[in-house]
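Worksheet for the structure shown next.
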Amino acid sequence: MTDCDVLVLGEINVDLILRADEIAPAFGQESLVEDATLTMGGSSVIFACGAAKLGLRVAFVGVAGDDEFGRFMRRGMAARGIDVEPVIVDPAVKTGVTVSLSTAADRALLTYPGSIAALRAEQVDHALFDRARHLHIGAYFLQTGLQEGLPALLAQAHARGLTVSLDTGWDPSETWNGGLSETLAQTDVFLPNAVEAATITGQASPEAALAALARRVPVIAVKLGAEGAIARQGKDTTRAEPLPVQVVDTTGVGDSFDAGFVYGFLANWPLERTLRLAGACGALATREPGGVNGQPTLAEALEAIREAGQPPHPQDD
Ligand SMILES: Nc1ncnc2c1ncn2[C@@H]1O[C@H](COP(=O)(O)OP(=O)(O)OP(=O)(O)O)[C@@H](O)[C@H]1O
Ligand SMILES: [Mg+2]
(Lines give C-alpha, C1' and ligand atoms only; values in the text may rest on other atoms or scores of the structure.)
(Ligands and ions follow the chains in the order given, each with its own letter.)
Protein backbone atom coordinates (compact mmCIF):
# COMPACT_ATOMS: atom_id res chain seq x y z
CA MET A 1 0.00 0.00 0.00
CA THR A 2 1.31 3.43 -0.86
CA ASP A 3 0.73 6.22 1.65
CA CYS A 4 1.98 8.88 -0.70
CA ASP A 5 1.24 9.82 -4.30
CA VAL A 6 4.37 11.80 -5.09
CA LEU A 7 7.86 11.57 -3.65
CA VAL A 8 9.89 14.68 -4.51
CA LEU A 9 13.69 14.63 -4.64
CA GLY A 10 14.59 18.25 -4.40
CA GLU A 11 16.47 21.30 -3.33
CA ILE A 12 15.56 23.33 -0.25
CA ASN A 13 15.98 27.10 -0.06
CA VAL A 14 14.06 30.16 1.07
CA ASP A 15 12.96 32.87 -1.34
CA LEU A 16 13.13 36.52 -0.28
CA ILE A 17 11.07 38.45 -2.80
CA LEU A 18 11.54 42.23 -3.01
CA ARG A 19 8.92 43.80 -5.23
CA ALA A 20 8.51 47.20 -6.87
CA ASP A 21 7.24 48.66 -10.17
CA GLU A 22 10.85 49.38 -11.08
CA ILE A 23 14.03 48.32 -9.34
CA ALA A 24 17.49 49.57 -10.26
CA PRO A 25 19.83 48.57 -7.43
CA ALA A 26 23.29 50.11 -7.44
CA PHE A 27 26.35 49.66 -5.24
CA GLY A 28 26.98 52.64 -2.98
CA GLN A 29 23.27 53.54 -2.89
CA GLU A 30 20.20 52.49 -0.96
CA SER A 31 17.06 51.69 -3.01
CA LEU A 32 13.61 51.25 -1.48
CA VAL A 33 11.18 48.57 -2.66
CA GLU A 34 7.39 48.38 -2.15
CA ASP A 35 7.04 44.92 -0.64
CA ALA A 36 9.11 42.12 0.88
CA THR A 37 8.01 38.48 1.28
CA LEU A 38 10.02 35.66 2.86
CA THR A 39 8.51 32.47 1.51
CA MET A 40 8.96 28.86 0.43
CA GLY A 41 11.59 28.71 -2.31
CA GLY A 42 13.13 26.15 -4.61
CA SER A 43 11.48 24.66 -7.67
CA SER A 44 11.03 21.27 -6.07
CA VAL A 45 9.49 22.67 -2.88
CA ILE A 46 7.14 24.94 -4.86
CA PHE A 47 6.14 21.90 -6.94
CA ALA A 48 5.57 19.88 -3.75
CA CYS A 49 3.39 22.63 -2.22
CA GLY A 50 1.38 22.95 -5.47
CA ALA A 51 0.80 19.21 -5.63
CA ALA A 52 -0.28 19.10 -1.96
CA LYS A 53 -2.68 22.04 -2.53
CA LEU A 54 -4.29 20.09 -5.38
CA GLY A 55 -4.89 17.22 -2.97
CA LEU A 56 -1.99 14.87 -3.74
CA ARG A 57 -0.20 13.16 -0.85
CA VAL A 58 3.42 14.35 -1.03
CA ALA A 59 6.66 13.40 0.72
CA PHE A 60 9.91 15.32 0.30
CA VAL A 61 13.55 14.21 0.31
CA GLY A 62 16.15 16.95 0.37
CA VAL A 63 18.87 18.50 2.50
CA ALA A 64 18.33 21.47 4.82
CA GLY A 65 20.83 23.22 7.05
CA ASP A 66 20.36 23.15 10.84
CA ASP A 67 19.46 26.84 10.77
CA GLU A 68 16.48 29.23 10.88
CA PHE A 69 15.93 29.10 7.11
CA GLY A 70 15.97 25.29 7.21
CA ARG A 71 13.45 25.25 10.08
CA PHE A 72 11.27 27.77 8.22
CA MET A 73 11.23 25.50 5.18
CA ARG A 74 10.48 22.28 7.08
CA ARG A 75 7.74 24.00 9.10
CA GLY A 76 6.23 25.56 5.98
CA MET A 77 6.16 22.28 4.07
CA ALA A 78 4.70 20.39 7.05
CA ALA A 79 2.01 23.09 7.46
CA ARG A 80 1.01 22.42 3.85
CA GLY A 81 0.56 18.72 4.56
CA ILE A 82 3.87 17.54 3.09
CA ASP A 83 5.65 14.67 4.85
CA VAL A 84 9.07 16.15 5.73
CA GLU A 85 10.23 13.15 7.75
CA PRO A 86 12.69 12.13 4.96
CA VAL A 87 14.33 15.61 4.89
CA ILE A 88 17.98 15.32 5.92
CA VAL A 89 19.16 18.03 8.32
CA ASP A 90 22.89 18.55 7.82
CA PRO A 91 24.61 20.91 10.27
CA ALA A 92 27.57 21.12 7.88
CA VAL A 93 25.59 23.04 5.23
CA LYS A 94 23.71 26.33 5.27
CA THR A 95 20.19 26.39 3.83
CA GLY A 96 20.18 28.07 0.44
CA VAL A 97 18.69 31.52 -0.22
CA THR A 98 17.36 33.18 -3.35
CA VAL A 99 16.79 36.93 -3.33
CA SER A 100 14.38 37.85 -6.11
CA LEU A 101 14.20 41.46 -7.28
CA SER A 102 10.77 41.30 -8.86
CA THR A 103 8.87 43.73 -11.07
CA ALA A 104 5.74 42.90 -13.11
CA ALA A 105 7.94 42.96 -16.23
CA ASP A 106 10.83 40.78 -15.10
CA ARG A 107 12.92 39.65 -12.17
CA ALA A 108 16.57 39.28 -11.24
CA LEU A 109 17.60 36.38 -9.00
CA LEU A 110 20.59 36.20 -6.65
CA THR A 111 21.15 32.70 -5.24
CA TYR A 112 23.40 31.32 -2.51
CA PRO A 113 23.21 27.56 -3.32
CA GLY A 114 24.17 26.08 0.11
CA SER A 115 21.86 23.09 0.70
CA ILE A 116 20.44 23.32 -2.85
CA ALA A 117 23.21 21.20 -4.35
CA ALA A 118 23.74 18.99 -1.29
CA LEU A 119 21.44 15.99 -1.89
CA ARG A 120 23.25 12.94 -3.25
CA ALA A 121 21.57 9.87 -4.77
CA GLU A 122 23.09 7.53 -2.17
CA GLN A 123 21.31 9.48 0.60
CA VAL A 124 17.90 8.52 -0.80
CA ASP A 125 16.45 5.57 1.12
CA HIS A 126 15.08 3.15 -1.50
CA ALA A 127 12.45 2.00 1.00
CA LEU A 128 10.74 5.34 0.26
CA PHE A 129 9.98 4.05 -3.24
CA ASP A 130 7.66 1.43 -1.77
CA ARG A 131 5.54 4.20 -0.25
CA ALA A 132 4.91 6.22 -3.43
CA ARG A 133 3.34 6.04 -6.89
CA HIS A 134 5.42 8.72 -8.57
CA LEU A 135 8.79 10.48 -8.28
CA HIS A 136 9.39 14.13 -9.26
CA ILE A 137 12.72 15.91 -9.64
CA GLY A 138 12.78 19.71 -9.97
CA ALA A 139 15.70 22.04 -10.74
CA TYR A 140 17.84 19.21 -12.09
CA PHE A 141 20.64 21.55 -13.12
CA LEU A 142 20.90 23.14 -9.66
CA GLN A 143 20.97 19.75 -7.94
CA THR A 144 24.54 19.05 -8.98
CA GLY A 145 25.12 16.59 -6.11
CA LEU A 146 22.24 14.41 -7.32
CA GLN A 147 23.02 14.30 -11.03
CA GLU A 148 25.63 11.55 -11.17
CA GLY A 149 23.64 8.90 -9.34
CA LEU A 150 20.24 9.90 -10.67
CA PRO A 151 19.84 7.58 -13.69
CA ALA A 152 20.50 4.50 -11.53
CA LEU A 153 18.20 5.83 -8.80
CA LEU A 154 15.40 6.41 -11.32
CA ALA A 155 15.91 2.90 -12.70
CA GLN A 156 15.40 1.60 -9.13
CA ALA A 157 12.22 3.65 -8.80
CA HIS A 158 10.94 2.30 -12.12
CA ALA A 159 11.73 -1.25 -11.05
CA ARG A 160 9.47 -0.67 -8.03
CA GLY A 161 6.64 0.56 -10.24
CA LEU A 162 6.94 4.34 -9.87
CA THR A 163 6.63 6.78 -12.75
CA VAL A 164 9.05 9.71 -12.99
CA SER A 165 8.66 13.39 -13.91
CA LEU A 166 11.51 15.86 -14.43
CA ASP A 167 11.84 19.64 -14.72
CA THR A 168 15.42 20.67 -15.45
CA GLY A 169 14.99 24.40 -14.94
CA TRP A 170 17.69 26.68 -16.27
CA ASP A 171 21.32 25.54 -16.24
CA PRO A 172 23.40 28.33 -14.67
CA SER A 173 26.57 26.69 -16.02
CA GLU A 174 24.96 26.71 -19.50
CA THR A 175 26.60 23.39 -20.36
CA TRP A 176 23.25 21.49 -20.41
CA ASN A 177 24.71 18.05 -19.78
CA GLY A 178 25.47 16.58 -16.32
CA GLY A 179 24.17 13.23 -17.57
CA LEU A 180 20.86 14.63 -18.76
CA SER A 181 20.56 12.09 -21.61
CA GLU A 182 20.78 9.15 -19.21
CA THR A 183 18.28 10.84 -16.89
CA LEU A 184 15.84 11.59 -19.74
CA ALA A 185 16.01 7.92 -20.71
CA GLN A 186 14.54 7.17 -17.24
CA THR A 187 11.88 9.92 -17.41
CA ASP A 188 8.17 9.39 -18.16
CA VAL A 189 7.06 13.04 -18.05
CA PHE A 190 9.39 15.88 -19.05
CA LEU A 191 8.39 19.48 -18.29
CA PRO A 192 10.82 22.06 -19.75
CA ASN A 193 10.04 25.65 -20.72
CA ALA A 194 10.52 26.80 -24.31
CA VAL A 195 14.10 28.03 -23.84
CA GLU A 196 15.15 24.88 -22.01
CA ALA A 197 13.49 22.65 -24.64
CA ALA A 198 15.21 24.59 -27.44
CA THR A 199 18.64 24.43 -25.80
CA ILE A 200 18.40 20.72 -24.97
CA THR A 201 17.22 19.72 -28.47
CA GLY A 202 18.90 22.37 -30.65
CA GLN A 203 15.44 23.04 -32.17
CA ALA A 204 14.43 26.69 -32.01
CA SER A 205 10.67 26.29 -32.39
CA PRO A 206 8.76 24.80 -29.44
CA GLU A 207 6.85 22.51 -31.82
CA ALA A 208 10.07 21.11 -33.30
CA ALA A 209 11.60 20.75 -29.82
CA LEU A 210 8.46 18.91 -28.67
CA ALA A 211 8.70 16.53 -31.64
CA ALA A 212 12.40 15.88 -30.96
CA LEU A 213 11.77 15.21 -27.25
CA ALA A 214 8.86 12.89 -28.10
CA ARG A 215 11.41 10.47 -29.55
CA ARG A 216 13.03 10.22 -26.10
CA VAL A 217 10.29 10.66 -23.47
CA PRO A 218 6.69 9.32 -23.46
CA VAL A 219 4.97 12.51 -22.21
CA ILE A 220 6.24 16.08 -22.68
CA ALA A 221 4.82 19.53 -22.00
CA VAL A 222 6.67 22.64 -23.17
CA LYS A 223 5.80 25.78 -21.18
CA LEU A 224 5.42 28.96 -23.21
CA GLY A 225 4.95 31.54 -20.43
CA ALA A 226 2.19 34.05 -21.22
CA GLU A 227 1.47 32.14 -24.44
CA GLY A 228 0.30 29.00 -22.64
CA ALA A 229 1.75 25.55 -23.28
CA ILE A 230 1.91 22.64 -25.72
CA ALA A 231 2.11 18.93 -24.93
CA ARG A 232 2.57 15.60 -26.59
CA GLN A 233 1.91 12.00 -25.60
CA GLY A 234 2.66 9.50 -28.36
CA LYS A 235 0.96 10.90 -31.44
CA ASP A 236 -1.46 13.03 -29.43
CA THR A 237 -0.49 16.73 -29.36
CA THR A 238 -2.44 19.55 -27.73
CA ARG A 239 -2.18 23.26 -26.89
CA ALA A 240 -3.57 25.15 -23.89
CA GLU A 241 -4.27 28.85 -24.29
CA PRO A 242 -3.18 30.95 -21.29
CA LEU A 243 -5.80 31.96 -18.75
CA PRO A 244 -6.16 35.73 -18.39
CA VAL A 245 -4.50 36.83 -15.14
CA GLN A 246 -3.37 40.02 -13.41
CA VAL A 247 0.27 39.10 -12.90
CA VAL A 248 1.72 40.11 -9.51
CA ASP A 249 4.80 37.88 -9.45
CA THR A 250 5.90 35.03 -11.73
CA THR A 251 8.06 33.17 -9.17
CA GLY A 252 7.34 29.45 -9.37
CA VAL A 253 4.78 29.52 -12.21
CA GLY A 254 6.58 26.72 -14.02
CA ASP A 255 6.68 24.55 -10.90
CA SER A 256 2.99 25.18 -10.15
CA PHE A 257 2.24 24.19 -13.77
CA ASP A 258 4.23 20.98 -13.20
CA ALA A 259 2.10 20.18 -10.13
CA GLY A 260 -1.10 20.48 -12.19
CA PHE A 261 0.38 18.37 -14.96
CA VAL A 262 1.46 15.59 -12.61
CA TYR A 263 -2.00 15.67 -10.99
CA GLY A 264 -3.66 15.00 -14.36
CA PHE A 265 -1.05 12.41 -15.33
CA LEU A 266 -1.58 10.44 -12.11
CA ALA A 267 -5.36 10.67 -12.51
CA ASN A 268 -5.02 9.23 -16.04
CA TRP A 269 -6.76 12.28 -17.49
CA PRO A 270 -6.67 12.85 -21.25
CA LEU A 271 -3.67 14.97 -22.30
CA GLU A 272 -5.79 18.01 -23.21
CA ARG A 273 -7.47 18.11 -19.81
CA THR A 274 -4.17 17.59 -18.01
CA LEU A 275 -2.51 20.44 -19.92
CA ARG A 276 -5.42 22.77 -19.26
CA LEU A 277 -5.25 22.10 -15.51
CA ALA A 278 -1.48 22.64 -15.57
CA GLY A 279 -1.91 25.97 -17.39
CA ALA A 280 -4.50 27.12 -14.87
CA CYS A 281 -2.19 26.18 -11.97
CA GLY A 282 0.65 28.18 -13.58
CA ALA A 283 -1.53 31.19 -14.33
CA LEU A 284 -3.14 31.33 -10.86
CA ALA A 285 0.27 31.08 -9.16
CA THR A 286 1.06 34.56 -10.54
CA ARG A 287 -1.74 36.10 -8.40
CA GLU A 288 0.38 36.53 -5.26
CA PRO A 289 4.02 37.24 -4.51
CA GLY A 290 6.09 34.09 -4.12
CA GLY A 291 5.77 30.66 -5.66
CA VAL A 292 3.27 29.06 -3.28
CA ASN A 293 0.90 31.82 -2.13
CA GLY A 294 -1.25 31.93 -5.26
CA GLN A 295 -1.33 28.18 -5.93
CA PRO A 296 -4.92 26.94 -6.44
CA THR A 297 -6.90 24.06 -5.03
CA LEU A 298 -8.29 21.70 -7.66
CA ALA A 299 -11.73 23.32 -7.33
CA GLU A 300 -10.26 26.84 -7.79
CA ALA A 301 -8.31 25.76 -10.88
CA LEU A 302 -11.36 24.11 -12.48
CA GLU A 303 -13.47 27.17 -11.65
CA ALA A 304 -10.89 29.49 -13.29
CA ILE A 305 -10.95 27.31 -16.42
CA ARG A 306 -14.77 27.57 -16.51
CA GLU A 307 -14.70 31.35 -15.91
CA ALA A 308 -12.20 31.82 -18.73
CA GLY A 309 -14.74 30.24 -21.07
CA GLN A 310 -12.44 27.40 -22.05
CA PRO A 311 -14.55 24.48 -23.22
CA PRO A 312 -15.18 22.34 -20.13
CA HIS A 313 -14.09 18.76 -20.23
CA PRO A 314 -17.05 16.39 -19.78
CA GLN A 315 -15.43 15.04 -16.60
CA ASP A 316 -15.06 18.51 -15.03
CA ASP A 317 -18.74 18.67 -13.96
N1 LIG B 1 1.37 35.68 -17.77
C2 LIG B 1 0.77 34.48 -17.81
N3 LIG B 1 -0.54 34.39 -18.11
C4 LIG B 1 -1.17 33.20 -18.16
N5 LIG B 1 -0.55 32.02 -17.93
C6 LIG B 1 0.75 32.05 -17.63
C7 LIG B 1 1.48 33.26 -17.56
N8 LIG B 1 2.76 32.97 -17.25
C9 LIG B 1 2.81 31.62 -17.14
N10 LIG B 1 1.62 31.07 -17.36
C11 LIG B 1 1.28 29.62 -17.34
O12 LIG B 1 2.22 28.96 -16.55
C13 LIG B 1 3.01 28.06 -17.34
C14 LIG B 1 4.43 28.04 -16.88
O15 LIG B 1 5.04 29.31 -17.05
P16 LIG B 1 6.46 29.50 -17.74
O17 LIG B 1 6.37 29.12 -19.16
O18 LIG B 1 6.92 30.86 -17.41
O19 LIG B 1 7.32 28.37 -16.99
P20 LIG B 1 8.85 28.40 -16.52
O21 LIG B 1 9.65 29.18 -17.48
O22 LIG B 1 9.24 27.00 -16.23
O23 LIG B 1 8.70 29.21 -15.15
P24 LIG B 1 9.72 29.31 -13.92
O25 LIG B 1 10.30 30.65 -14.05
O26 LIG B 1 8.83 29.15 -12.73
O27 LIG B 1 10.71 28.19 -14.07
C28 LIG B 1 2.83 28.54 -18.80
O29 LIG B 1 3.02 27.46 -19.69
C30 LIG B 1 1.40 29.06 -18.76
O31 LIG B 1 0.49 28.00 -18.91
MG1 LIG C 1 10.87 26.45 -14.99
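Between the listed residues Val89, Ala105, Gln123, the Cα displaced farthest toward the positive end of the dipole of segment 80-131, a dipole computed from Cβ unit charges relative to the Cα centre, is found at Ala105.
Beta bridges per DSSP, both residues in segment 28-174: antiparallel share near 45 percent.
Per-residue extension of 0.36 nm, minus the Cα-Cα distance of Arg71 and Ala26, leaves a gain of 13.0 nm for this segment.
Report the percentage of all Cα-Cα pairs in segment 46-129 whose separation exceeds 21 Å, rounded to a whole percent. Value for segment 46-129: 38 percent of Cα pairs lie more than 21 Å apart. A simple charge model with +1 on the Cβ of Lys and Arg, -1 on the Cβ of Asp and Glu and nothing else charged puts the dipole of segment 164-233 at about 220 debye relative to its Cα centre. Each semi-axis of the equivalent ellipsoid for segment 100-249 is √(5λ) with λ an eigenvalue of the Cα gyration tensor; in descending order they amount to 26, 21, 15 Å. Every pair of different Cα atoms in the chain enters the Kirkwood calculation, which places the hydrodynamic radius at 19.5 Å.
Based on every Cα atom in segment 167-252, Rg and the maximum pairwise Cα distance Dmax equal 13.2, 40 Å. With a cut-off of 9 Å between beta carbons, the residues surrounding Ser44 carry a summed charge of -3, where Lys and Arg count +1 and Asp and Glu -1.
Cα extents for segment 54-185 along the principal axes, largest to smallest and rounded to whole angstrom: 44, 35, 34. Put a dot 7 Å past the Cα of Val195, heading toward its Cβ, do the same for Gln156, and the two dots end up 3.4 nm apart. Sorted on the mean count of surrounding Cβ atoms within 10 Å across their residues, most packed first, peptides 77-83, 105-111, 53-59 read 53-59, 77-83, 105-111.
Computed on the Cα atoms alone, the convex hull of segment 121-209 gives a volume of 87 cubic angstrom per residue.
A 1.4 Å probe, protein heavy atoms only, puts the accessible area of Arg287 near 90 Å².
Counted over the chain, the DSSP beta bridges are approximately 45% antiparallel. Largest GNM mean-square fluctuation across Ala204, Ala132, Ala118, computed for the chain with C-alpha springs under 10 Å, falls on Ala204.
Using the eigenvalues of the Cα gyration tensor, what equivalent ellipsoid semi-axes result for segment 1-79 when each is taken as the square root of five times the eigenvalue, whole Å, largest first? Present the calculation step by step, with values, prior to reporting the outcome.
Working: eigenvalues 203, 40, 19 Å².
Calculated on Cα positions only, the semi-axes equal 32, 14, 10 Å.
For Lys235, the aspartates and glutamates whose Cα falls under 19 Å of its own Cα, not counting residues fewer than eight places away in the same chain, are Asp188, Glu207, Glu272.
Among Ala51, Ala280, Ala121, the residue with the largest mean-square fluctuation in a Gaussian network model of the chain, with springs joining Cα atoms closer than 10 Å, is Ala121.
Between segment 118-158 and segment 6-46, the C-alpha centres lie 26 angstrom from each other. Note on Asp130: accessible area approximately 90 square angstrom, rounded to 10, probe 1.4 Å, nucleic acids and ligands left out.
Net charge near Ile220: determine it from the other residues with C-beta under 14 Å of the C-beta of Ile220, scoring Lys and Arg +1 and Asp and Glu -1. The partial results should precede the final answer.
Values: positive: Arg215, Arg216, Lys223, Arg232, Lys235, Arg239; negative: Asp167, Asp188, Glu196, Glu207, Asp236, Asp258.
Result for the local shell: 0.
May I ask you to work out the translational diffusion coefficient for segment 91-150 at 4 °C, viscosity 1.567 mPa s, via Stokes-Einstein with Rh from the Kirkwood sum over Cα pairs, reported in whole µm²/s? After rounding, the answer is 94 µm²/s.
Considering only Val89, Val253, Val222, the mean-square fluctuation computed in a Gaussian network model of the chain, springs between alpha carbons under 10 angstrom, is largest for Val89.
The values are calculated or read from the model by the stated rules, or taken from the named source; none is laboratory data. Everything numeric in this text was worked out from a predicted model, so none of it was measured. FYI the Cβ positions are ideal-geometry reconstructions off the backbone, even for glycines, and counts take in every protein chain you see. Ligands, DNA and RNA are stripped out before the accessible areas are found, and what is left, the full protein with its side chains, is counted by its heavy atoms. Shrake-Rupley method; radii C 1.70, N 1.55, O 1.52, S 1.80 Å.
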